[in-house]
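Q: Structure below; questions to follow.
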There are 2 protein chains.
Amino acid sequence: MPATSFSCSFLSLQPRFNSYVNPIFRSLTFQLSSSPFPFNAPFSSIRIRCSLSRPAETNSTTGGRSGALTPGPSVGGDVQKIDVNPPKGTRDFPPEDMRLRNWLFNHFKEVSWLYGFEEVDYPVLESEALFTRKAGEEIKDQLYCFEDRGNRRVALRPELTPSLARLVIQKGKSVSLPIKWFTVGQCWRYERMTRGRRREHYQWNMDIIGVPGVMAEAELISSVVTLFKRIGITESDVGFKVSSRKVLQEVLNCYSVPEYLFGKVCVIIDKIEKIPVDEIKKELKAVGLSQEAVQKLLQVLSVKSLAELEERLGSSGEALADLKQLFSLAEKTGFSKWLQFDASVVRGLAYYTGIVFELLKEKGLLPELNLHIDNIVCALDEDLQGCAAMVANILREKGHSVELVLESKPLKWVFKRAARVNAERLVLVGNSEWQRGVVGVKILSTAEQYEVKLEDLK
Amino acid sequence: MPATSFSCSFLSLQPRFNSYVNPIFRSLTFQLSSSPFPFNAPFSSIRIRCSLSRPAETNSTTGGRSGALTPGPSVGGDVQKIDVNPPKGTRDFPPEDMRLRNWLFNHFKEVSWLYGFEEVDYPVLESEALFTRKAGEEIKDQLYCFEDRGNRRVALRPELTPSLARLVIQKGKSVSLPIKWFTVGQCWRYERMTRGRRREHYQWNMDIIGVPGVMAEAELISSVVTLFKRIGITESDVGFKVSSRKVLQEVLNCYSVPEYLFGKVCVIIDKIEKIPVDEIKKELKAVGLSQEAVQKLLQVLSVKSLAELEERLGSSGEALADLKQLFSLAEKTGFSKWLQFDASVVRGLAYYTGIVFELLKEKGLLPELNLHIDNIVCALDEDLQGCAAMVANILREKGHSVELVLESKPLKWVFKRAARVNAERLVLVGNSEWQRGVVGVKILSTAEQYEVKLEDLK
């Protein structure tokens, strides 16, 4: 099955440096990987994980639970306390943060659209079995799972891929290949919280099912490069370290290591930057690799160029052909500067938790996203509130957003509110003007003032 | 506290008829209500609940679990079964359903924007205590709650308002009034499933905090009317039955019924269409109302016009003044045809579960939302795939969506794919054309064909 075996190839994205700081998006984790998939079709996938942290948390590892218990005001004799903090590891999105979230997610969605992906979604809650079917994985320890009231074992999804698999299998032959789906969804991990790691986060997943060649991988990398360019990240900020699992496979085949050991070897190799190399050697021997195979494997994994890889593996293997094709496609489509070959990039079968990329606040990559409402409409007399509401609706029907002043307020208050919502125009509904069928309009940036007939409002 | 007391007034939206059927949005529940709120500020709120059901469910009460267990294909010797269905009471959104969901939610968001509301969001998971602090409510039985791995009692939110309250209290004086926030969020109820009622659904909440008058209510009704108009629902399809809690309050004051009984009376009155009137009478007497008060109360609640209400309550009360103002505002802003006075509309303190409005499929209110990708780009030769990717990226940079054919496929397949994604243009990258710096373009609707220079592609 060359298709399925290619679906085990890996691309892993890694920033060239980790730098701090930005107050809202405290960390973005980018994951690019093709993971084993429970159906016989080639599968390419890219994930971008974003934890959207709040400024208050930059000096804390507790997930922003800085608020105190505040007594809830009395309601009908029912005096009780309300915890003003969201549960540990979760967060609110007040308007200022929601604007940033929408900004980022809209980029995800627009890029997905440009690349012809269709949006899908799955339940936040899935059967626990969906995530634990792959035995022996660390995800089990991090699963946000529980028993529901009907005694079913369920879990808040830790990632989106198993749900994708479930839905694709369910649809069966009714979907035409290739499938190109994307999701921006919330995921949960019950884990110790550290800076930038909450128990919930969002992932942008783009998945291609049914394309055996590296074109699919190239398309996915290209889409992330497009995202980076749109939000102002350059190839000097971040790069993709790329390898293929076939590199590992070829070395193992060379020493007749049985195929069922492949997964175990991956898990060990994945730890290469986390534990001493002697430890790695010991573990590889423990699963049954010969001294020679271990030696050769570690040599190959240290290779940092395709030329050197060719020297060591020969020019006939699939690994080299795939990687060469990927780099050539990258050259043509203009993202080769973002790519770097690194044979040591091997993702374990377990869920990927490494790499964090933190946007530089100093680069000014975050847009200024202020509230902006086109018009503020105000009655100068309480009796004219209905007329003001009418004016507001005329403007809304023409596609303008309107903040209608809902109470009798002094003009000073109205100007302050107009400034807060960054209104362009103030529309005043006064008695004598109304009699003449006009309203007063003030352009707030220039202080220009004039009257407009109701029917000419636009 | 006139402000807080007004925050207990009620508007309840009710369709004039319940009609069936539409395959995707099988039910939309609209809720308009001002509920008691745990802070001393006037609070107006409107909720639209939508359960987006799938065609398969129209003949079933089991929530669409019609799929069977399908064996997961073998992956590396790990043969296991995967349940292809989402957990009971939840659902997937495959692309065709996601388009409809996006269509509806975008209307929610655009209308909210037109009315100057800011978007916010809260965690899906909240402390159980947040929802159970109001004692004795049915919501407790329906709470999707559990103990997390840190032994905290948590719940998947059954509604959005308690989270709103939590955040507003947390923000305290840092937010300027009025607050106008909206959320489109997923909510959960652990309840028996019936047609159109799943364990998860979405709510569009619009909340105004800090405006004591009925202008806030008028603004909220107006926004929902705007939504209805946009999606093609008219006042002959649906109407708002409107009353004010003050009607009830005034009757109770009249008979010196103590204020703490108000909540209990509301809960009883709320059942008026569900249980026999004798039962209602018995329950009202049981909480301590006199025979006379019960009589008068039931008389007043049967009133269907403001004129009659004035006869019975006199013209001096706040209830009448508020209702008159609301109807007058509705007249001015053009939604009076959608309103109908009905004194019996009293919402209990418990969460609202009544009224379901089902869009008529026959009215053709659902848009045809097909997948649509602007261009399909295809290399005529495997060696030109990189060039095709380059062409795709040129078009994407100009803002067009592109389906790039990622494998060598016969032209027949490409045309079929183009039809499936409803592409406008087919761009073919051939060898001799590429040498001349051009690509072939075919307009798929007219079959018109021509060559375009790469630099002229747009």
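Each value in this text was obtained by applying a stated rule to the coordinates, not by laboratory testing. On a predicted model such as this, the values are computed, not experimentally measured, just so you know. Please note: Cβ atoms are built from the backbone with ideal geometry, for glycine as well, and neighbour counts cover all protein chains shown.
Q: For a test of the definition: using alpha carbon positions, the gyration tensor, and the 1.5 limit on a/c, classify the range B:375-456 as rounded, prolate or oblate.
A: rounded
Q: In whole Hz, with x marking every Gly and Pro, tabulate ³J(HN,Hα) for the range A:280-296 from phi via Karplus 6.51 cos²θ - 1.76 cosθ + 1.60, θ = phi - 60°.
A: 4, 4, 4, 5, 5, 5, 4, 7, x, 7, 6, 3, 5, 4, 4, 4, 4
Q: Which part of the range B:384-427 falls in the paramagnetic zone of B:Leu444, meaning amide N under 13 Å from the point 7 Å along Cα-to-beta-carbon?
A: Answer for the range B:384-427: B:401-405, B:412-427.
Q: Using a 10 Å cut-off on Cβ to Cβ distances, tally the other chain neighbours for every residue of B:92-102 and report the average as a whole number.
A: Average per residue, whole number: 5.
Q: Check which residues have an amide H placed less than 5 Å from B:Glu119's amide H, if you skip close sequence neighbours.
A: B:Phe182
Q: Order these by the 10 Å Cβ neighbour count, fewest first: A:Asp92, A:Asp148.
A: Exposure proxy ranking, most exposed first: A:Asp148, A:Asp92.
Q: Just to be sure I understand the model, the point goes 7 Å from the Cα along the line to the Cβ. What's the resulting B:Phe415 to A:Gln295 distance in nm?
A: So the label points at B:Phe415 and A:Gln295 sit 6.1 nm apart.
Q: Shortest first and in nm with one decimal, please list how far the B:Lys337 label point sits from its counterparts in the other copies (point 7 Å along Cα→Cβ).
A: Label-point distances to the other copies, shortest first: 6.1 nm.
Q: Taking H as built 1.01 Å from N, whose amide H comes closer than 5 Å to the amide H of A:Leu143, not counting residues under 5 places away?
A: Residues meeting the amide H criterion: A:Tyr190.
Q: For the range B:267-348, state which GluC sites (Glu not before Pro) are in a DSSP loop and have at most 16 other beta carbons lying within 10 Å of their beta carbon.
A: Here the sparse-neighbourhood loop sites are B:Glu273.
Q: If amide hydrogens are placed 1.01 Å from N in the peptide plane, which non-local residues have theirs closer than 5 Å to the one on B:Leu404?
A: B:Val377
Q: While we're here: Taking each residue of B:388-397 in turn, how many C-beta atoms of other protein chains fall within 10 Å of its C-beta, and what is the average?
A: Counting Cβ atoms of other protein chains within 10 Å of each residue's Cβ and averaging gives 5.
Q: Let me ask something else. Name the residue farthest towards the positive end of the dipole of the range B:375-456 from the options B:Cys387, B:Val438, B:Ala418, assuming +1 on Cβ of Lys and Arg, -1 on Cβ of Asp and Glu, about the Cα centre.
A: Working it through, the farthest residue towards the positive pole turns out to be B:Ala418.
Q: Please list 3J(HN,Hα) in residue order for the range B:155-169, calculated via the Karplus relation 6.51 cos²θ - 1.76 cosθ + 1.60 where θ = phi - 60°; whole Hz, with x for glycine and proline.
A: These are the phi-based 3J(HN,Hα) values: 8, 6, 4, x, 6, 9, 4, x, 5, 4, 4, 4, 5, 5, 5 Hz.
Q: What residue of chain A sits with its beta carbon nearest the rotation axis taking A to B, and at what distance in whole Å?
A: Measuring from each Cβ to the axis, the minimum is at A:Phe146, 2.
Q: Can you list the HN-Hα couplings for the range A:404-416, worked out from phi with the Karplus curve (6.51, -1.76, 1.60; θ = phi - 60°), rounded to whole Hz and with x for Gly and Pro?
A: Each residue's phi maps through the Karplus curve to give 8, 6, 8, 9, 6, 9, x, 4, 4, 4, 4, 5, 5 Hz.
Q: Rounded to the nearest 0.05, what FRET efficiency do B:Ala321 and B:Lys140 give with R0 = 30 Å and r taken as the Cβ-Cβ distance? Could you check?
A: Efficiency, rounded to the nearest 0.05: 0.25.
Q: Can you figure out the FRET efficiency of A:Lys453 with B:Lys337, using R₀ = 30 Å and their beta-carbon distance, to the nearest 0.05?
A: The computed FRET efficiency comes out at 0.70.
Q: In a shell of Cβ-Cβ distance under 14 Å around B:Ser432, excluding B:Ser432 itself, what net charge do Lys and Arg (+1) and Asp and Glu (-1) give?
A: For residues surrounding B:Ser432, the net value is -3.
Q: Among B:Val168, B:Phe131, B:Tyr144, flag the residue with its Cα farthest along the positive direction of the charge dipole of the range B:127-265, charges on Cβ as +1 for Lys/Arg and -1 for Asp/Glu.
A: Working it through, the farthest residue towards the positive pole turns out to be B:Tyr144.
Q: Set the Förster radius R0 to 56 Å, insert the Cβ-Cβ distance between A:Lys274 and B:Glu279 as r into 1/(1 + (r/R0)^6), and round the FRET efficiency to 0.05.
A: About 0.20, to the nearest 0.05.
Q: Separate question: Just tell me how shielded B:329-337 is by partners: mean number of partner chain Cβ atoms within 10 Å of each residue's Cβ, no decimals.
A: 4
Q: How do A:115-121, A:437-443 rank on mean C-beta neighbours within 10 Å, highest first?
A: Most protected by this proxy first, the peptides run A:115-121, A:437-443.
Q: Related question: Which shape class, rounded, prolate or oblate, goes with the range A:108-237 when its Cα gyration tensor gives a ≥ b ≥ c as root eigenvalues, a/c under 1.5 marks rounded, and past that a/b bigger than b/c marks prolate?
A: Taking the square roots of the gyration eigenvalues as a ≥ b ≥ c, the range A:108-237 is oblate.
Q: Along the Cα→Cβ direction, 7 angstrom out, place labels at A:Ser302 and B:Ala129. What is the inter-label distance in nm?
A: 5.7
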